[in-house]
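A short worksheet on the structure shown next.
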Amino acid sequence: MTPRTIALSLVSHTNVGKTTLARTLLGRDVGTVRDEAHVTEAAEPFVLVETPEGDRLTLWDTPGFGDSARLARRLAMSADPVGWFLSQVWDRFRDRPFWSSQQAVRNVRDSADIVLYLVNASEPPAEAGYVTTEIRVLDWIGKPVVVLLNQLGPPRAASEEAAQVQAWRSHLAGAHQVRAVLPLDAFARCWVQEATLLRTIETLLPEPQRSACARLIDEWLRRRHATFEASIAVLAERLARAATDREPLAEAGVLGRLREAGGMLRPDTDDDSAAAPGRRQAMRRLAERLDADVRAGTARLIALHGLEGHASGEVLARLAEHYAVSERLDEGKAAMWGGVVTGALTGLKADLATGGLTFGAGLLAGGIVGALGAFGLARGYNIVRGAQTSSVAWTDAVLDELAVTALLGYLAVAHYGRGRGNWTPSEHPPHWRDVVIDVFERRRAHFARIWALRGDTDAQASMKKALRPALAEAALEVLERLYPGSGTSARAPSGPIDSPS
């Protein structure tokens, strides 16, 4: 088998974002990015992926077309002696940017197997006047063209994006060399979109290049799946730690419990003062550990995707954390506490956005049951019989929300194009959360069985093992829902979901 090199040439009108997209596709900083025309002065090749057998997929970053109409005219007359002199001698010394544009086009004609033509999709096709003349340039080159829609803005629902793509396809329907039109924003694209681009390129190549391209795609996907698996492992570890985290509580005694419960039931009581100082401190320590773990986990995701930057302190701003309190049952008071109904303190939440702990209205959905008879609370504390110590922990409701936000965090990092520079947090597109929640809801029972593993001897290890395939399947389904037809759900790198025992 002879190794093959497949060359892709990235071309566009000047200052549309070729180098920015090249950085995103290559996963490293190349060229110079500035908000001005003709920043790239010469065509330059970069290796996108290489197989162990020696096959190579190269990406050429080229100078922008500039004055497209003039460029098309000059190329059309380049075969005659006067035209050759103007393009090779006159323009080189009198108008170097224009000469660079011509050199880029010739390089594409001589070296490229496939042309990737980038357009600014933020403007309607009919208003992008340069496209018509640049299509003439692409026809002169004579190579298959894949049009990439750049500057699409934040990710949107699939139906909205499809309408925009269709508008461009209709506009370019008469272009002889255009074989496909795909969305691929340099700032907010996902690896599954890049996979779609590579598969499209494969279909446009003749044999034996097509076979080489298939090998290159397999290698590219192997690396992306490795990043995906590593990312899922980070999320699974984080969720397993949160699920098994406990903060010991000092004993408050029966009178302390009653005093605290009474304070919660008085409407004029300050919310935060309703919890004993020991509980407030325990809850805060638990929240601080979660905050630090989310920050560290997000930083690991960023590094896995070849980005820079740090997780923001706002990572928990959207969470409404609930606490569950496990009270050690005093054996001497077992008879008195026998009528206690186990429940969760569902109204308690950590408002880290404001830096404090607050107790919401309706915190206790019951009262003191037989205050001097049963000495129990109908609701409020989760009594775990046989526990050696009292402790505060996260409820299943929190873990559900943490699973949802973990998937949203993965989407945010996986969509972040390197062209944007250092990673910074941004708002999730609204439809992302809707899709993630819908996917999670259909898997809620499975996650509930995973949360139930907290009673195992080695709970953290068993939960992590169960969470990896569960999160991988959910993430792949979310990606397939966001990008229909991308084929992401065809294979789950972390394996199928196994019901936790």
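The values are calculated or read from the model by the stated rules, or taken from the named source; none is laboratory data. From a predicted model like this one, the values you see are computed outputs, not experimental measurements. As a convention, Cβ positions derive from the backbone with ideal geometry for all residues, glycine included, and neighbour counts pool all protein chains shown.
So here's what we get for this one:
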{"quantity": "Which listed residue is assigned to a helix (DSSP H, G or I) and within 23 Å of Asp113 (Cβ to Cβ), from Ala163, Ala195", "calculated": "Ala195"}
{"quantity": "In region 81-130, residue modelled with the highest pLDDT [restricted to those that are of a type in the set (A, V, I, L, M) and over 24 Å from Leu197 (Cα atoms)]", "calculated": "Ala126"}
{"quantity": "Selected residue [among the hydroxyl-bearing types (Ser, Thr, Tyr), in contact with a strand residue (DSSP E or B) (Cβ under 9 Å, 6 or more places away or on another chain) and crowded, with 16+ Cβ neighbours inside 10 Å] from Thr196, Thr227, Thr203", "calculated": "Thr196"}
{"quantity": "Near pairs, Cβ below 7 angstrom, 6+ apart or cross-chain, from region 2-18 (in the same structural domain as Leu148 (by TED's automatic domain parsing)) to any residue that is among the small types (Gly, Ala, Ser) and in a strand (DSSP E or B)", "calculated": "Lys18/Ser12"}
{"quantity": "So Ser78, is it of a type in the set (Gly, Ala, Ser) and modelled with pLDDT under 80", "calculated": "yes"}
{"quantity": "Residue in region 249-266 that is part of a helix (DSSP H, G or I), assigned by TED's automatic domain parsing to the domain that holds Ser426, over 20 Å from the mean Cα position of the chain (by Cα) and at pLDDT 75 or above present", "calculated": "no"}
{"quantity": "Unique match (being among the aromatic types (Phe, Trp, Tyr), in a helix (DSSP H, G or I) and surrounded by fewer than 18 Cβ atoms within 10 Å (Cβ to Cβ)) among Trp140, Trp168", "calculated": "Trp140"}
{"quantity": "Lone unmet requirement of (1) crowded, with 22+ Cβ neighbours inside 10 Å; (2) in contact with a helix residue (DSSP H, G or I) (Cβ under 7 Å, 6 or more places away or on another chain) for Leu116", "calculated": "(2)"}
{"quantity": "Any hit, region 194-216, residues being assigned by TED's automatic domain parsing to the domain that holds Thr19, basic (Lys, Arg) and free of Cβ contacts under 8 Å to residues at least 60 places away in the same chain", "calculated": "no"}
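Each row is one residue, and each column tells you yes or no for (1) more than 19 Å from the chain's Cα centre (by Cα); (2) more than 21 Å from Leu408 (Cα to Cα); (3) modelled with pLDDT of 95 or more; (4) of a type outside the set (Gly, Ala, Ser).
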| position | (1), (2), (3), (4) |
| --- | --- |
| Asp458 | yes, yes, no, yes |
| Ala461 | yes, yes, yes, no |
| Ala466 | yes, no, yes, no |
| Leu476 | no, no, yes, yes |
| Arg481 | no, no, no, yes |
| Pro500 | yes, yes, no, yes |
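Condition check ((1) in a helix (DSSP H, G or I); (2) among the hydrophobic types (A, V, I, L, M, F, W, C); (3) not assigned by TED's automatic domain parsing to the domain that holds Arg238) across all residues:
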site	(1), (2), (3)
Ser426	no, no, no
Arg454	yes, no, no
Ala461	yes, yes, no
Lys465	yes, no, no
